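Participant: Just dropping this structure here.
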Amino acid sequence: MNTYTINIEPTSNSAILKFETNQFLTRHESFEFGNIEEAQKSPLAQQLFHLPFVKTVFIAQNFIAIEKYNIIEWADVQEEVSEQLLDYLNNDGIIIKEEDTATPSKKVPVTVYAETTPNPSVMRFVANKKLVIAPTEFKNIDATANAPIARELFNFPFVKEIFIDENYISINKFDIANWDEIAMELREFITKYIQAGKDIVLKETLKTGTETENVEKQTNAPTSTENLDPVSKQVIDILEEYIKPAVASDGGNIMFDSYNEETKTVKVILQGACSGCPSSTATLKNGIETMMRDMLKGQVEYVEAVNG
């Protein structure tokens, strides 16, 4: 059985703190509870309301957000709350009662919109809820054993490759179809699939460096930074902080592959919309390579990419 871990994250509202988990707490719904009576469907939320400073509890796919009253400061109690949550979750505490429908809760309606990417063959379908904890790429239907939605999407004859991350699905199409002919069909399918409460992926937990087991096997990407040299660790930090967010906004992903000290060359793996994108080479040379040279002077001169 996988052990829960928690990462404490502040929010724009100083009264609300997020406790992010490395596993999904609920797959298909989000819940908001304003008091212990409203929380009859959630034993976890009821337990939290025994803390006198808890005002509101929000449970989503992989986090619990708590709004506090002003009688305390989060700095004084957040570690204690985190330990209480870990103890509850790792002792198989019930998060949401699946069969109890007597007490209504606020559900977040599912919406999906389609947006273009720099790669004309790839379109990004963005949902208003978290779909996965870690990115995964599927080159063909054989790789979808743990991803039911990807398996069903490959039933569309024009779907070539699929990349899923956070709250979006990037689809790479064959040239037999134009996006203006198929985008609406795919958007409606994905929306109905999520609304039906079907599993997006199975057996998922957060991996170090955000690579899933499937991606690690396909790309031989490193699972830990412990044994890497100092330059490689710096490269990974730069990718995570400065480059990945921009790449993700275009429906893709970039991961560290290797560093050659002799040639001063960094190899990265491109996934999703970035894989095979006509503009990715220019972006790599004009953007990423320049940044690496400036930030790691004398240590990195070249950046090469391989498609995931």
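Participant: Suppose the chain between residue 26 and residue 79 were pulled fully straight at 0.36 nm per residue; how much longer would it get relative to their current alpha carbon spacing?
Facilitator: 16.8 nm
Participant: Assign unit charges at the C-beta atoms only (+1 for Lys and Arg, -1 for Asp and Glu), then state the dipole size of the stretch 6-90 relative to its Cα centre in Debye, rounded to the nearest 20.
Facilitator: Result for the stretch 6-90 is approximately 240 debye, rounded to the nearest 20.
Participant: Hey, can you rank 91-98, 295-302, 189-196 by average C-beta count inside 10 Å, highest first?
Facilitator: 189-196, 295-302, 91-98
Participant: Under the 0.36 nm per residue contour assumption, what length would be gained going from the current alpha-carbon distance of residue 9 and residue 71 to full extension?
Facilitator: In short, 20.3 nm is gained.
Participant: Next question. Where a ≥ b ≥ c are the square roots of the eigenvalues of the C-alpha gyration tensor, would you call the stretch 5-59 rounded, which needs a/c under 1.5, or, failing that, prolate if a/b is larger than b/c, or oblate?
Facilitator: oblate
Taken together, the values in this text are just the output of simple stated rules run on the coordinates, not laboratory data. Predicted, not measured: the structure shown is a model, and the values here were computed from it. In this analysis, Cβ positions are derived from the backbone assuming ideal geometry, glycine residues included, and neighbour counts consider all displayed protein chains.
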